[in-house]
1. Measuring from the lowest to the highest alpha carbon on each principal axis, how far does the range B:408-538 reach, largest first, in angstroms?
2. Where a ≥ b ≥ c are the square roots of the eigenvalues of the C-alpha gyration tensor, would you call the range B:364-414 rounded, which needs a/c under 1.5, or, failing that, prolate if a/b is larger than b/c, or oblate?
3. If you rank B:777, B:747 by fewest surrounding Cβ atoms within 10 Å, what's the result?
4. Using the scaling law 2.2 N^0.38 Å as the reference, what is the normalised Cα Rg of chain B?
5. Could you list A:41, B:354 in order of exposure, starting from the residue whose Cβ has the fewest other Cβ atoms within 10 Å?
6. Sort B:547-560, B:52-65 by packing, meaning the average of other beta carbons within 10 Å per residue, with the highest value first.
7. Going by alpha carbons, how many degrees (0 to 90, nearest 10) lie between the helix axis of A:104-117 and the longest principal axis of chain A?
8. For the range B:178-321, what D do you get in µm² per second when you plug the Kirkwood radius from alpha-carbon pairs into Stokes-Einstein at 4 °C and 1.567 mPa s?
Ligand code: FES
Ligand code: FES
């Protein structure tokens, strides 16, 4: 039995009927075709599924789609504005903060959340914020640098 | 003069990934697509008595419930092994059938037993609950040393003592003699623990069949689509290869685990053909833990014979290598030809002998994981070298320098012939170590260590100097060693009429950045802009037959093929240019994308020549139109990157906690195309290597249950556990390939594990601790301290 929900994703309103068991991440990926948000685990450990929900970073594999009813969601696809990359996206490119790219959307959204709360984080604060996001490729170093790049750019 | 090569060019592939427009297998949706859920064995060893599919088959949304019997009835074969390593006495390797879906017996937890296909993922999963499978549980064995004992449960009836092969390399008599002459012998028993590769993208596969054309397409998270197609068509399913297409689109990391031909690739292909609907399977992470091929898992005894002045005389190694329940695609090669052959390391040790037992156990099959054999070799060598230094009261840097192979460039001085079959291409090992010691200010760290010890703080310095064999591999050589495949690679360069260029490569990128680094080479070579080049990989319908990416081979082998193809392009283009410029070829000079008549300003551009090739109105009479060239490159030798790493740790003896304070790496990859990309490879490798040293372990209980089967139990390295690494390079070009490149993909993993292990042992020297088993968790470190305190 579908349950009707209304959500705003990347500024656009959607109405849909969803299976009450459907996870938010599957709603985004399978129903809305926003496949930038990834699934890397089944224990809410890896952070590949991170999105911004009502202003805060959440792991979209830990929420049901019905729990997002009425919410405003930002995914990686919504960051670029008028063809211009968000400074965090730019930071990831400039500092080579990604290799296979699979963890990247989650990393970017976690960084978005961090910089919103703390526009000028220290290296330790950045590393701490990334605790719930796994990357198997980059060794994290250039992800840290990418976020430092974005912080500098956003505060200038 | 280069515009791009050698520069930290920002990656062109990044744009799609940072905007959420990557296209991974699980992102693909095909019309009418249905979903497969794989029911897996909960037992490590059991007979399958019966499978009752009746209830599951009628569950909502279910389209089919398929078992191993159905698969066999359709004539589908077992998964083949791509490398044959025979017993020492010449007996053939034991190669038991590796079923795609188990039929009468299961041999590891996680082995596929049935497949449910339904309209949605959830329906398939729900129906799995309704499947009744009766098992008779049997005793299991998980430890490779126990598995070879008399009376151990047999994994396969036709493999006595659970041996797939036993293997040796080196000169036994010479090594025994060296041990007789030695002043002392240092020895160590160690375990190189089993790891789960854990690429962050779980494996996925989609089978798609068009009955109208009889075309089959498999989308799969693979590092080598052509190899999968070959195995699938020629060995497993008997499909016509020309009607099968394998696509590996964006792949979210591999680290070796996506090389192999997997059960699920066969399952979705078979089911799609049977049901005439696209069938998708995506692993849940807990399935990845139980079905992705694992890595490492060695039990080893190592002995080093040496003189009292620190000169190495001989090395003896005996290893039990756990292969798991079945032989995975390259499994036999990893603990043999990618391991025993690396035991020379960077040292002149004149006598080496190594024996390896390849053992079946009731565990997930083990195969290549980043470094594959070479980290295992480096770990034991670097540990034993450090122990020797400690016994002789020498600094670890000094004992290494005393035994280094002297510099050789492979041109003026010949390559270095090792005691274990390989011939190194070029090397300057002391230069890398010296650069490292200088960059890290090693002597200052030593001083600080003393100072802190007096304050009750224990820091440790751990060196690892390593070599690895990359650029895999000369086909005839590996063929003689048991490989059932060639290991050349290929590229096709297609110049379009406007002078834009597409290059189709046989290697595959899943994080390595080929779309940028290969384009840098093309752009420089043809004198065109980077944005005028596109590198295409991953789709067998587009690319020439290639062997894919692993063993740090892409640039050294695939890149070399591309350079050869580019040479052919330039050769033909020069003929066209000469005709258009009305000058003999010998009078032309090509620079920055234009042919000049020497000593004049008369010239023609690359795009103009390209256009002439496709609109051949004014054209050399004997030349074919068009501008496209292909090359297959079979390397002359392996390449041998090397380097020196230093880890600095602090150990808290109260809690056993290890903190990585600092990390320095100096690597020599030969010539470097993109330092940004190379450094990224080094960083990632270091973290994986440290992960093995400190955190990661696939641990089984005695019944063959994986105790660390989710991210909650299996500790992945996290961002806040690491300092900023300092990395640098020396450059000793590879003498035998056109790029002078050696490969950079695995060195971090190879060196870092040993460096950290040595650092921890060094920190614990005041406590008399010689060795801490990996992963060096607080508990293990604490226990080691307590144990040695009790002894002393
Ligand atoms: S998929 Fe959500 S945390 Fe891993
Ligand atoms: S870039 Fe591959 S997992 Fe992070």
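1. 73, 41, 32
2. oblate
3. By the 10 Å Cβ count, ascending: B:777, B:747.
4. 0.99
5. Ascending number of Cβ neighbours within 10 Å: A:41, B:354.
6. Averaged packing, sorted descending, gives the order B:547-560, B:52-65.
7. Approximately 80 degrees, to the nearest 10.
8. 71
Computed from the coordinates by the stated procedures, all read-outs in this text should not be read as laboratory data. The model shown is predicted, which means the values in this text are computed figures rather than measured ones. Neighbour counts run over all protein chains shown; Cβ positions are idealised from the backbone, glycine included.
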